[in-house]
Amino acid sequence: MSMTKADLVERVTEAMSQTSGPMISKKDCARVVDAFLDAIKDALKEQKNIEVRGFGTFKIRNRKTRMARNPRTGAPVEVSARPVPVFKPSKELRALVADLEMVPEEG
């Protein structure tokens, strides 16, 4: 039960057509979604945080060097320090998700 970018574009197109009429095409909505995602990627690449009120914050966290194990051989492997993107949901989003019923995942 995952949502793809195409599904997201479809939902945005539906929402836009309800509020502003059928003036906006699916292709235009796809451009808007792509531009939004590219803006987030570019900001993260520049080490900037992105805060979307009522949704959450995207930011870069620096991971420390650590020791891990090769799952095949069991040999210790050093994983170097690196920046990783993280998402912290807002209080509103956490509350919204907390009210959902648990649905078993398909696997």
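The values are calculated or read from the model by the stated rules, or taken from the named source; none is laboratory data. In this text the structure is predicted, and so the values were computed from the model without any measurement. Glycine also receives a Cβ, built like all others from the backbone with ideal geometry; neighbour counts cover every protein chain displayed. What goes into the accessible areas is simple: the full protein's heavy atoms, side chains included, and nothing from ligands, DNA or RNA. Shrake-Rupley method; radii C 1.70, N 1.55, O 1.52, S 1.80 Å.
When the charge dipole of the chain is built from unit charges on Cβ atoms (+1 for Lys and Arg, -1 for Asp and Glu) and taken about the Cα centre, the candidate among Phe36, Ser17, Ala81 whose Cα reaches farthest toward its positive end is Ala81. Among the lysines of the chain, pairs that are 8 or more positions apart or on different chains and have alpha carbons within less than 19 Å of each other number 12. Each residue of segment 84-95 is assigned a 3J(HN,Hα), and the resulting list reads 9, x, 9, 10, 10, x, 6, 4, 4, 5, 4, 5 Hz, derived from the Karplus form 6.51 cos²θ - 1.76 cosθ + 1.60 (θ = phi - 60°), x at Gly and Pro. Computed with a 1.4 Å probe over protein heavy atoms only, the accessible surface of the chain comes to 87 Å² per residue. Ligands, DNA and RNA left out, the accessible area of the chain computed with a 1.4 Å probe is 56% carbon and sulfur. The mean sequence separation of alpha-carbon pairs under 8 Å and at least six residues apart, normalised by the residue count of segment 1-71, gives a relative contact order of 17 percent. In order along segment 40-54, phi translates into HN-Hα couplings of 5, 4, 5, 5, 5, 4, 8, 6, 9, 8, 10, 10, 10, 4, x Hz, rounded to whole numbers, per the Karplus curve 6.51 cos²θ - 1.76 cosθ + 1.60 with θ = phi - 60° and x for Gly and Pro. Rounded to the nearest whole Hz, the Karplus-based 3J(HN,Hα) values (6.51 cos²θ - 1.76 cosθ + 1.60, θ = phi - 60°) of segment 7-19 follow the sequence 5, 4, 4, 4, 5, 5, 4, 4, 5, 5, 5, 6, 8, with x at glycine and proline. Dipole magnitude for segment 33-75: computed about the Cα centre from +1 point charges on Lys and Arg Cβ and -1 point charges on Asp and Glu Cβ, it is near 520 debye. Available extension along the chain between Lys88 and Ala68 is 4.7 nm, counting 0.36 nm per residue and deducting the alpha carbon span. Could you work out how far apart the two model spin labels at Ala43 and Met23 are, taking each label as a point 7 Å from the Cα in the direction of the beta carbon, and quote it in nm? So the two model labels end up 2.7 nm from each other. Can you work out the base-10 log of I(q)/I(0) for the chain at q = 0.13, 0.22, 0.24 1/Å, using the Debye formula on its C-alpha atoms alone? Computed log10 I(q)/I(0) values: -0.80, -1.18, -1.20.
Relative to the Cα centre, the charge distribution of the chain, modelled as +1 at Lys and Arg Cβ and -1 at Asp and Glu Cβ, gives a dipole magnitude of about 800 debye.
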